[in-house]
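J.: Structure incoming, see below.
The values are calculated or read from the model by the stated rules, or taken from the named source; none is laboratory data. Since the model is a prediction, treat every value here as computed from it, not as a measurement. Cβ placement follows ideal geometry from the backbone for every residue including glycine, while neighbour counts extend to all protein chains displayed.
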Amino acid sequence: MKDNPEDICTLDEVAAYLKVGKRTVYRLAAAKKIPAFKVGGTWRFSRADIDSWIKQQSMEGLDTGREEDDAATGQSNTGERK
């Protein structure tokens, strides 16, 4: 995939960028779990939207890890004991 964040990418390019199979990207797009749109029946992806989605997924993973750690220590999200 090119380095220009304004690029519009194909399903194949996004699959290579994410290092996953084309079917995985197709399923994510069809389920509206990844930012995508169709042009003439073919999936297209904005590079900037994909990069933002990656950051969001990374942050959600960190939040989930924190919640699990808090549950293990008996603390709430505010640091108070439950």
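J.: From V14, V39, which residue is β-branched (V, I, T) and touching a residue at least 24 places away in the same chain (Cβ under 8 Å)?
T.: Of the residues listed, the single one that is β-branched (V, I, T) and touching a residue at least 24 places away in the same chain (Cβ under 8 Å) is V14.
J.: With the condition kept exactly as written, say whether any residue in segment 60-75 is at pLDDT below 95 and part of a loop (DSSP other than H, G, I, E, B).
T.: Within segment 60-75, one or more residues are at pLDDT below 95 and part of a loop (DSSP other than H, G, I, E, B).
J.: Read through the list (1) more than 15 Å from the chain's Cα centre (by Cα); (2) at pLDDT 95 or above, then give the number of the only condition that P35 fails.
T.: (1)
J.: Out of segment 29-48, which residues are surrounded by 11 or more Cβ atoms within 10 Å (Cβ to Cβ) and not small (G, A, S)?
T.: Scanning segment 29-48 gives K33, I34, P35, F37, W43, R44, F45, R47.
J.: Restricting attention to segment 7-28, and to residues there that are of a type in the set (G, A, S) and surrounded by 14 or more Cβ atoms within 10 Å (Cβ to Cβ), which single residue is nearest to the chain's Cα centre (by Cα)?
T.: Among those that are of a type in the set (G, A, S) and surrounded by 14 or more Cβ atoms within 10 Å (Cβ to Cβ), it is A15.
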